[in-house]
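**Student:** Would you mind keeping the following structure in view while I ask a few things?
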Amino acid sequence: MSALSLTQSKTALAINLMASFLAAGGTPPYTYSVRANGAGGTINSSTGIYTAPAVVNAGVYGAPKQIYDVIQVLDNAGNIATAQILVGTPLLLFCEIIQNQLNLPNGRVYLWDQKIMQPSDSGLYIAVSVLSCKPFSNTNKFDGSSANSNSDQSVNMYAQLQLDVISRDTEARDRKEEVIMALNSNYAQTQQEANSFYIGKLPPGSQFVNLSSQDGAAIPYRFNISVAMQYFVTKTVAVQSFDTFQTPQVNTNP
């Protein structure tokens with residue numbers, strides 16, 4: 001008898017989409033479940049079909065969002081196997097592609113807004129920043145096909161991203177080309193098709209800019225390059241209607 005194992009069709013997923021988990025070995029039948037305090041997805045206990053949540057759990061106040069769900073399968077003999085799936089926005093899925101293809105642990109590829117994190121070890125870190133983000137189309141479609149009428153909203157975005165490849169040792173210098181290969185990999189293509197975003201091809205003249213001298217001894221090796229990305233953001237809200245217009249009450253000073 002082989003040991004119980006759990007495989008998955010996706011390691012990262014956008015909201016509202018589905019992935020499949022498949023148990024093997026152990027003692028059938030199998031029961032699938034999602035561990036609590038994760039991203040908030042659900043799974044069919046018998047088929048292993050996982051559905052990502054419509055909104056990722058925010059977690060406790062002051063803590064980062066819970067962007068991972070841990071899937072558990074239990075066999076008839078009480079054995080347990082687990083697997084992890086990331087649920088997030090297209091920007092997080094972009095980061096996950098790099099992490100997956102460079103085989104980096106969690107925390108080594110991250111989104112930043114103001115300041116690049118100073119590496120505390122000799123490993124490779126990749127910071128992804130949004131230089132610009134421009135909407136170029138949006139829709140709002142009424143859906144009255146069910147008992148509860150909804151408004152399906154979407155916006156199509158174009159973003160210019162900057163990737164900083166940094167390390168205290170020579171990994172940034174020696175592995176920066178792998179970042180470009182990751183974004184053009186079969187895995188990247190699969191993720192783009194499944195999750196409705198597109199990573200642009202590098203235009204002629206693109207190059208890594210060597211910024212190693214800017215940080216002195218703090219970050220001996222740092223290279224950056226710009227990449228374009230197009231993605232969709234969707235939202236479904238309930239449609240409310242009123243029979244009469246209600247005048248707002250405004251309090252004024254006497």
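The values are calculated or read from the model by the stated rules, or taken from the named source; none is laboratory data. Because the structure is a prediction, the values reported are computed rather than measured. Please note: Cβ atoms are built from the backbone with ideal geometry, for glycine as well, and neighbour counts cover all protein chains shown. Heads up: the accessible areas ignore ligands, DNA and RNA and are worked out on the full protein's heavy atoms, side chains in. Shrake-Rupley method; radii C 1.70, N 1.55, O 1.52, S 1.80 Å.
**Student:** Condition check: of a type in the set (A, V, I, L, M) and surrounded by fewer than 19 Cβ atoms within 10 Å (Cβ to Cβ). Does Val155 satisfy that?
**Tutor:** Criteria met by Val155.
**Student:** Cβ contacts < 8 Å: first residue more than 12 Å from Ile219 (Cα to Cα), restricted to region 153-174; second residue hydroxyl-bearing (Ser, Thr, Tyr) and at pLDDT 95 or above, any location; separation 6+ or different chain. Result?
**Tutor:** Gln160/Ser226; Leu161/Ser226; Gln162/Ser226; Leu163/Ser226
**Student:** While we're here: Would you say Phe142 is at pLDDT below 85 and of a type outside the set (Asp, Glu)?
**Tutor:** yes
**Student:** Being under 14 Å from Phe223 (Cβ atoms) and either touching a residue at least 24 places away in the same chain (Cβ under 8 Å) or over 15 Å from the mean Cα position of the chain (by Cα) (or both), is that true of even one residue in region 179-194?
**Tutor:** Within region 179-194 (the criterion being under 14 Å from Phe223 (Cβ atoms) and either touching a residue at least 24 places away in the same chain (Cβ under 8 Å) or over 15 Å from the mean Cα position of the chain (by Cα) (or both)), the answer is yes, since at least one residue qualifies.
**Student:** Something else now. Could you please find all residues in region 117-152 being surrounded by fewer than 12 Cβ atoms within 10 Å (Cβ to Cβ) and either under 18 Å from Val209 (Cβ atoms) or among the acidic types (Asp, Glu) (or both)?
**Tutor:** Asp121, Leu131, Ser132 - these are the residues of region 117-152 that are surrounded by fewer than 12 Cβ atoms within 10 Å (Cβ to Cβ) and either under 18 Å from Val209 (Cβ atoms) or among the acidic types (Asp, Glu) (or both).
**Student:** If you take the residues of region 1-14 that are hydrophobic (A, V, I, L, M, F, W, C) and either open to solvent by less than 50 Å² (accessible area, probe 1.4 Å) or part of a strand (DSSP E or B) (or both), which of them is farthest from Tyr187 (Cα to Cα)?
**Tutor:** Looking at the filtered set, the residue picked out is Leu4.
**Student:** I would also like to ask the following. All but one of (1) touching a strand residue (DSSP E or B) at 6+ places or on another chain (Cβ under 8 Å); (2) open to solvent by 50 Å² or more (accessible area, probe 1.4 Å); (3) of a type in the set (Asp, Glu) hold for Asp69; state the number of the condition that does not hold.
**Tutor:** The one condition Asp69 does not meet is (2).
**Student:** So, in region 221-245, of the ones that are at pLDDT below 90 and touching a Ser or Thr at 6+ places or on another chain (Cβ under 6 Å), which residue ends up least open to solvent (accessible area, probe 1.4 Å)?
**Tutor:** Val237
**Student:** Of the residues Leu104, Leu183, only one is open to solvent by less than 30 Å² (accessible area, probe 1.4 Å), modelled with pLDDT of 95 or more, out of contact with any helix residue (DSSP H, G or I) (no Cβ under 6 Å at 6 or more places or on another chain) and hydrophobic (A, V, I, L, M, F, W, C); which?
**Tutor:** Every option except Leu183 fails the conditions.
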